[in-house]
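Novice: Before we start, here is the structure in question, set down as structure tokens.
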Amino acid sequence: MTKALSHVAGHAYCFNSPDDDLVLGTGTKMFGTIDGQRCDAMGRVGFEKPTTADAVQYAKLILEPYQKAWAKYGHVGGHIGPMGQIFVEAVVAPLMLGRPASAQVLNKAVKNATPDVLWPK
């Protein structure tokens, strides 16, 4: 990750969920991660900084473990939850912009959401 993080100007966010069993648990244990390791993927358990890692680069990495409160935005802890439009509006975009989301925008987004927006296929 040190090399990848060296290309990040601000922060890199890692959304991880222990409930992502099927894809990032069972799937990666059976078939391997992108780098060929047969283990839980970082999207399930979060990143651990290796002892040889560059501390300055790893300071850019912000871990965002799953929160049950995110279910109201369509993210119930599975693999595709962080990709839903409402979740991105409510959680991801404000983080990237460095500010909290406005309650008015979130309430309108959730009120107008259709099931395919909350839970994309």
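The values are calculated or read from the model by the stated rules, or taken from the named source; none is laboratory data. The shown structure was predicted, so the numbers you read here are calculated from the model rather than taken from an experiment. Heads up, the Cβs are rebuilt from the backbone with ideal geometry, glycines too, and the neighbour counts pull from every protein chain shown.
Novice: Please specify each residue of the stretch 35-58 satisfying the condition of being more than 17 Å from the chain's Cα centre (by Cα) and assigned to a loop (DSSP other than H, G, I, E, B).
Specialist: Restricting attention to the stretch 35-58, the residues satisfying the condition of being more than 17 Å from the chain's Cα centre (by Cα) are 35-39, 49-57.
If the condition is that a residue be more than 17 Å from the chain's Cα centre (by Cα) and assigned to a loop (DSSP other than H, G, I, E, B), then Asp35, Gly36, Gln37, Arg38, Cys39, Lys49, Pro50, Thr51, Thr52, Ala53, Asp54 are the ones that fit.
Novice: In the stretch 38-63, what residues are modelled with pLDDT of 90 or more, closer than 19 Å to Ser17 by Cβ and not hydrophobic (A, V, I, L, M, F, W, C)?
Specialist: Asp40, Gly43, Arg44
Novice: Here's something else I'd like to know. Spot the failing condition for Lys72; the list is (1) in contact with an Asp or Glu (Cβ under 6 Å, 6 or more places away or on another chain); (2) among the charged types (D, E, K, R); (3) assigned by TED's automatic domain parsing to the domain that holds Glu89, and only one is missed.
Specialist: Condition not satisfied by Lys72: (1).
Novice: Right, next: Checking His79 against (1) of a type outside the set (D, E, K, R); (2) outside the structural domain of Met1 (by TED's automatic domain parsing); (3) in a helix (DSSP H, G or I): exactly one of these is not met. Which one?
Specialist: (3)
Novice: Just wondering, is there one or more residues in the stretch 7-27 that are touching an Asp or Glu at 6+ places or on another chain (Cβ under 6 Å), among the aromatic types (Phe, Trp, Tyr) and not in a helix (DSSP H, G or I)? If you could, list the steps in order and put the result at the bottom.
Specialist: Step one: of the stretch 7-27, the residues touching an Asp or Glu at 6+ places or on another chain (Cβ under 6 Å) are 13, 15, 25.
With the extra rule that they be among the aromatic types (Phe, Trp, Tyr), the set shrinks to 13, 15.
With not in a helix (DSSP H, G or I) added as a condition, the list becomes 13, 15.
Scanning the stretch 7-27 turns up at least one residue that is touching an Asp or Glu at 6+ places or on another chain (Cβ under 6 Å), among the aromatic types (Phe, Trp, Tyr) and not in a helix (DSSP H, G or I).
Novice: If the Cβ limit is 7 Å and pairs must be 6+ apart or interchain, which residue in the stretch 22-34 that is within 18 Å of Gly46 (Cβ to Cβ) pairs with which residue that is among the hydrophobic types (A, V, I, L, M, F, W, C) and exposed (fewer than 15 other Cβ atoms within 10 Å of the Cβ)?
Specialist: Once the first residue is within 18 Å of Gly46 (Cβ to Cβ) and sits in the stretch 22-34, its partners that are among the hydrophobic types (A, V, I, L, M, F, W, C) and exposed (fewer than 15 other Cβ atoms within 10 Å of the Cβ) give Thr28/Cys39; Lys29/Cys39; Thr33/Cys39.
Novice: Follow-up. Which residue out of Ala53, Ala41 is surrounded by 13 or more Cβ atoms within 10 Å (Cβ to Cβ), in the same structural domain as Met1 (by TED's automatic domain parsing), in contact (Cβ under 8 Å) with a residue 24 or more places away in the chain and under 22 Å from Met1 (Cα atoms)? Steps first, answer last, please.
Specialist: On the way: Ala41 fails: in contact (Cβ under 8 Å) with a residue 24 or more places away in the chain.
The unique qualifying residue is Ala53.
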